Ligand code: MLC
Ligand code: AMP
């Protein structure tokens, strides 16, 4: 199954129907029909083809949420391109690695972000590209594709410190969209408020694709802003909202009368990308009268497990395997464990990506007998509900963004005066976790402010340690492995 036939249900069949409203500055919104989106993406496809892009070529975008991301994604689907979404918060070190690895023909970005792109990479400025596309024919330009056609390279940090590109196919995305639209009963009558970034699978594969396939209406915001979010809900009156736990936690700040009004219209609120505390689930229900549906996914697999739309949405659990997914929970010896016993979640299905881009070693390490080993640890109850309990790696998730400590530790060790470094996730009431750096330093050589400034220039803001805690030496096992559990607790 490829993507265009799914999207055509909206792009062609609902051509005259209002599809989207986008923020156009000063609080004004511009509206588009599905037919407008079809025409815009055809024009861009003609231009990209004229610029030499062929099926299988990579094209990256480094953009906040805006209609041009949708144009680019649809043009990529039509031309069989491999689109490479890049987190707008990434900085020099992340960008250098990712762009060298993916080797896109160009990066489409905005004027304010263009200066961050490393030298030697071709940059296409988005407004100029869009203006030029406007002069192209509106007729469809598309190449044949099938389920195995690679669609995107989405980078996800590896335990080695360097991010790997998950190769997601059109079939992966199509399966995900079909399953979610069906399981969550999304119809053309829904209204979806989109504030998740489009450069990660939550906003892209779930948000955009459920919209395009169901033909519902979408309001796209550049990003989630907690001070404005309540007003957006009240103005737009969405029936659908997808968010990370940090967003739901921010929404708990609203007075009950406003929350009730919003909740009365909200048919379905979905949380994922990080654990939703059971307490937040309950408080949201009390305040909004809406029971959050929590689901579990990954960049490499898109969505795997979810609470039912019709049925019990059990707080603290991620629910049951989605219709197309097989889930196995295994012990250290790779043997399936009985219900009630913790183990690593393995998944198998048409949602699982084709492997890591040019990394046969990492691909071989992550798959076993056709199963993808998620690295997430969980337990299954006798009635099938799965609870996630942690991870096999020391991944930190902050506001739904992933942080691999190793990546930051490696850079810290390159700084003057740093002898040892360990980065650890500490609990945070809104973002779930935040990173804190423990360092053993030569005081005469270590400059904390300079180190922090260097980190800021190299990494996304969510990876910046909230503090540098100085220790004499890191606690280690007899074999020299750092024991992060034994580090003194940071008091904030
Ligand atoms: C966040 N920030 C941004 C930004 N998004 N800056 C610019 N543009 C954006 N789009 C930065 C802010 O500058 C700030 O930096 C920090 O993030 C927090 O911002 P905030 O305004 O204080 O927001 P807050 O209320 O804390 O909420 C944060 C958040 C953000 C929820 C808006 O964490 C977010 O958008 N998370 C979504 C992540 C996501 O989509 N994950 C899906 C991965 S896919 P500073 O310097 O103050 O820290 C996946 C698979 C699956 O995991 O299962 O879905
Ligand atoms: P990413 O690599 O950004 O796609 O992040 C995927 C990881 O997010 C998973 O491996 C999980 O650890 C985590 N995750 C996603 N959804 C949930 C959830 N509902 N509860 C807990 N963790 C989650």
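Values in this text are rule-based calculations from the coordinates and carry no lab data. In this text the structure is predicted, and so the values were computed from the model without any measurement. Counting neighbours? That spans all protein chains shown, and the Cβs are built from the backbone with ideal geometry, glycine included.
Below are the figures for this structure:
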| item | result |
| --- | --- |
| Length added when fully stretched, residue 361-residue 138, from 0.36 nm per residue minus Cα-Cα | 75.9 nm |
| C-alpha center-to-center spacing [segment 418-487, segment 284-309] in angstrom | 32 Å |
| Beta bridges by DSSP in the chain, antiparallel share as percent, to the nearest 5 | 65 percent |
| Considering only segment 1-130, percent of DSSP beta bridges that pair antiparallel, nearest 5 | 35 percent |
| As computed over segment 395-486, the Cα convex hull volume per residue (Å³) | 94 Å³ |
| Label point at residue 324 placed 7 Å out along Cα→Cβ; residues across segment 1-41 whose backbone nitrogen lies under 14 Å | 1-7 |
| Least to most buried among 398, 273, 309 (fewest other Cβ within 10 Å first) | 309, 398, 273 |
| Full-stretch length increase - residue 1, residue 381 - with 0.36 nm per residue and alpha-carbon distance subtracted | 133.5 nm |
| Residue exposure sequence - 108, 256, 337 - by fewest surrounding Cβ within 10 Å | 256, 337, 108 |
| Normalised alpha carbon radius of gyration of segment 326-370 [divisor 2.2 N^0.38 Å] | 1.29 |
| Sum of -39500 (n - 2.57) over DSSP H runs of 4+, divided by residues of the chain (222 nm, nearest 500) | -8500 deg cm²/dmol |
| Rule-of-thumb Rg ratio for segment 293-391 [Cα; 2.2 N^0.38 Å; N residues] | 1.06 |
| DSSP bridge pairs, segment 4-223: antiparallel proportion in percent, nearest 5 | 40 percent |
| For the chain, alpha-carbon Rg relative to the globular expectation (2.2 N^0.38 Å, N residues) | 0.97 |
| Label point distance in nm, residue 413-residue 125, each placed 7 Å from Cα along Cα→Cβ | 4.2 nm |
| Segment 183-322 shape via C-alpha gyration tensor axes, a/c threshold 1.5 | rounded |
| Between segment 16-66 and segment 224-243, the alpha-carbon center distance in angstrom | 23 Å |
| Kirkwood-Stokes translational diffusion coefficient of segment 36-169, alpha-carbon pairs, 4 °C, 1.567 mPa s, µm²/s | 86 µm²/s |
| Gain in span if fully extended, residue 472 to residue 440, counting 0.36 nm per residue against the direct Cα distance | 11.0 nm |
| Anisotropy class of segment 110-190 from Cα gyration tensor, a/c 1.5 cut | oblate |
| Most to least packed among 124-130, 195-201, 480-486, 373-379 [average Cβ atoms within 10 Å] | 195-201, 373-379, 124-130, 480-486 |
| Inter-part distance where segment 102-132 and segment 356-417 are each reduced to a Cα centre, Å | 31 Å |
